[in-house]
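Notes follow once the structure below has been shown.
The values are calculated or read from the model by the stated rules, or taken from the named source; none is laboratory data. These numbers were taken from a predicted model, which means no experiment stands behind them. Cβ placement follows ideal geometry from the backbone for every residue including glycine, while neighbour counts extend to all protein chains displayed.
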Amino acid sequence: MSVLGKISGNLAFTYFKSVINRSLNVQLALFSSTNMSEIEKKFQLPKAYRGSKPSVWVEYIQLAADYKPLNLGQGFPDYPPPQYVTDALVEVASNRNGHQYTRGFGHPRLVQALSKLYSKIIGREINPLTEILTTLGAYEALYAAITGHVDVGDEVIIIEPFFDCYEPMVRYAGGIPKFIALKPKSTEGDVLSSKDFVLDRSELEGLFNSKTKLIIVNNPNNPLGKVFSLEELTFIADLCKKHNVLCISDEVYEWLVYKPHKHIRIATLPDMWERTITIGSAGKTFSVTGWKLGWAYCPANLMFNLQMIHQNSVYTGCTPIQEAAAIAFEKELTRLGSEDCYFNAISKELEPKRDFMAKFLQETGFKPIVPEGGYFMMADWTPLESQVNLESEQDKYKDYKFTKWMAKKVGLQGIPPSAFYGDDHKHLGENFVRYCFIKRDECLEDAAKILHNWKAGKTAQTSK
Ligand SMILES: Cc1ncc(COP(=O)(O)O)c(C=O)c1O
């Protein structure tokens with residue numbers, strides 16, 4: 001890296017750190033203040049947002065910056081994306097045309113490519129102009145889908161563990177989240193599979209009523225890695241049809257499924273197209289999370305609501321990023337189904353990493369849950385409880401204490417899964433930690449070494 005690069009990197013880091021510190025301090029001061037000044041009172045968060053707290057990501061990015069552990073927390077690769085993907089962006093960036101606003105609901109070349117891809121996969125013609133919306137990451141697609149369809153008092157069923165933004169998005173819209181947890185059929189054995197985590201059918205049935213507006217299904221699931229089976233999806237679909245409920249299907253990990261498991265899109269089940277909004281992410285599809293490009297596809301009548309939210313909040317996405325993603329999709333469309341298609345190659349590339357992580361976690365005393373999809377692994381850390389000193393951490397939940405203690409004393413960072421549960425069910429996540437395995441082999445080997453050294457008592461726990 002050049003000296004200038006290093007300096008600007010350091011400056012950016014220092015700035016970023018100070019912004020996080022400042023915002024945390026301001027938020028904490030506001031939460032704890034019993035004696036608010038007139039200014040503070042008047043400029044609190046608006047009622048719809050009141051009670052919002054900085055997310056687990058804000059806190060854990062800061063933790064990583066402070067203690068510099070090996071970070072298996074956040075979900076992104078620590079190695080470059082495919083060359084042809086970055087080449088596409090270079091090509092687009094060096095063309096002096098194509099740097100102005102593009103069509104608000106989606107860059108024409110990209111919605112054409114998405115339409116070609118998903119029409120094939122879903123088995124029906126998807127109109128690129130009325131049935132597809134491109135967004136700032138899948139995050140914005142989720143926001144547009146939730147706020148575009150949830151009215152005050154509507155109930156929304158959320159399957160736990162869930163990607164953490166679902167709950168606040170539902171609450172901001174005035175909706176009432178109704179949680180149901182995936183629970184293990186049995187916890188016997190040293191290694192579990194995400195397949196062992198299932199929904200209680202009568203509990204799910206009991207959540208559907210006349211106030212239910214929608215259910216959010218994340219398939220493959222983050223953080224568990226569960227890939228829902230045809231029977232499970234059919235059961236959910238039948239309830240949606242019976243109670244006239246919409247399904248938001250967050251499928252950002254659609255290409256990350258390990259054999260013999262298969263990703264089934266709920267929109268393809270009988271009569272589900274008309275009530276499903278499916279969400280995807282270029283960040284996950286092409287391993288370019290920093291591009292923050294996502295999309296939703298669904299029938300035009302459902303899409304209108306998303307378009308209105310998008311039009312009046314974001315209006316239009318980044319033109320060069322969308323053009324480059326279109327080029328990448330066009331390439332994959334020419335080799336769809338072949339071994340070298342990136343959509344197939346990526347899970348092949350990740351499977352040995354997944355297996356290596358499961359092995360070293362098991363060898364060092366964890367009880368891993370081997371995922372059927374995605375690039376995260378949850379593991380039960382409680383067999384190691386006698387080796388950790390959780391007293392030194394102030395948090396309410398044990399998994400927060402464990403992950404912080406590990407980051408500070410052992411030098412390995414994961415994410416506390418209780419962040420992915422509603423308040424009443426956080427205890428279900430407390431025995432676990434989530435690690436990400438889309439990392440270089442050397443990084444995973446280092447993680448294994450750290451844990452083996454810790455197990456052997458070689459970690460200088462007080463020096464960190
Ligand atoms: C389940 C799930 N949905 C949505 C997103 C957001 O995706 P994007 O980065 O495209 O906004 C993520 C990101 O980690 C995710 O894990």
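The test for being within 16 Å of the ligand (Cβ to nearest atom) and assigned by TED's automatic domain parsing to the domain that holds Ile277 holds for Asn219.
Of the numbered criteria (1) closer than 17 Å to Thr289 by Cα; (2) at pLDDT 95 or above, the one Tyr60 fails is (1). Please find, within the stretch 149-165, the residue that is nearest to the ligand (Cβ to nearest atom) out of those that are closer than 23 Å to Leu199 by Cα and touching a Leu at 6+ places or on another chain (Cβ under 7 Å). Filtering first and then ranking leaves Cys165. Only a single criterion out of (1) aliphatic (A, V, I, L, M); (2) touching an Asp or Glu at 6+ places or on another chain (Cβ under 6 Å); (3) free of Cβ contacts under 8 Å to residues at least 12 places away in the same chain is not satisfied by Ala300, namely (3). In the set Glu391, Glu363, only one residue is surrounded by fewer than 16 Cβ atoms within 10 Å (Cβ to Cβ), touching a residue at least 24 places away in the same chain (Cβ under 8 Å) and either touching a Cys at 6+ places or on another chain (Cβ under 9 Å) or not aromatic (Phe, Trp, Tyr) (or both); that residue is Glu363.
Being within 16 Å of the ligand (Cβ to nearest atom), part of a strand (DSSP E or B) and within 13 Å of Leu214 (Cα to Cα) is the requirement here; does Ile146 meet it?
Working: within 16 Å of the ligand (Cβ to nearest atom): yes; part of a strand (DSSP E or B): no; within 13 Å of Leu214 (Cα to Cα): yes.
It is false that Ile146 is within 16 Å of the ligand (Cβ to nearest atom), part of a strand (DSSP E or B) and within 13 Å of Leu214 (Cα to Cα).
Return yes or no: is Ser338 among the hydroxyl-bearing types (Ser, Thr, Tyr), out of contact with any strand residue (DSSP E or B) (no Cβ under 9 Å at 6 or more places or on another chain) and closer than 21 Å to Val433 by Cβ? No.
The single residue among Pro184, Pro168 that is within 16 Å of the ligand (Cβ to nearest atom) and either closer than 22 Å to Leu239 by Cα or not assigned by TED's automatic domain parsing to the domain that holds Ala379 (or both) turns out to be Pro168. Looking for something of a type outside the set (A, V, I, L, M) and under 23 Å from Glu274 (Cα atoms) - is there at least one such residue anywhere in the stretch 181-193? No: the stretch 181-193 contains no residue that is of a type outside the set (A, V, I, L, M) and under 23 Å from Glu274 (Cα atoms).
If you check Ile180, Ile158 for being closer than 23 Å to Tyr253 by Cβ, touching a Pro at 6+ places or on another chain (Cβ under 8 Å) and either assigned to a strand (DSSP E or B) or modelled with pLDDT of 95 or more (or both), only one passes: Ile158.
Among the listed residues Ala328, Ala358, identify the single one that is assigned by TED's automatic domain parsing to the domain that holds Phe228 and either under 23 Å from Thr268 (Cβ atoms) or not basic (Lys, Arg) (or both).
Ala328
Taking the condition assigned to a loop (DSSP other than H, G, I, E, B) and either not aromatic (Phe, Trp, Tyr) or not assigned by TED's automatic domain parsing to the domain that holds His243 (or both), does Thr130 pass? Explain how you work it out, then say what you get.
Values: assigned to a loop (DSSP other than H, G, I, E, B): yes; either not aromatic (Phe, Trp, Tyr) or not assigned by TED's automatic domain parsing to the domain that holds His243 (or both): yes.
Against the criterion (assigned to a loop (DSSP other than H, G, I, E, B) and either not aromatic (Phe, Trp, Tyr) or not assigned by TED's automatic domain parsing to the domain that holds His243 (or both)), Thr130 qualifies.
Take the residues in the stretch 216-244 that are among the aliphatic types (A, V, I, L, M) and free of Cβ contacts under 8 Å to residues at least 40 places away in the same chain, then tell me which one is farthest from Glu372 (Cα to Cα). Per the criteria, the residue is Leu239.
Taken together, the residues in the stretch 183-195 that are at pLDDT 95 or above and outside any strand (DSSP E or B) amount to 2. Here Glu351, Glu339 are screened, and the one residue that is more than 21 Å from Trp295 (Cβ to Cβ), surrounded by fewer than 19 Cβ atoms within 10 Å (Cβ to Cβ) and out of contact with any helix residue (DSSP H, G or I) (no Cβ under 9 Å at 6 or more places or on another chain) is Glu351. Here Ser313 clears all of (1) surrounded by fewer than 14 Cβ atoms within 10 Å (Cβ to Cβ); (2) of a type in the set (Ser, Thr, Tyr); (3) not assigned by TED's automatic domain parsing to the domain that holds Thr147 except the condition numbered (3).
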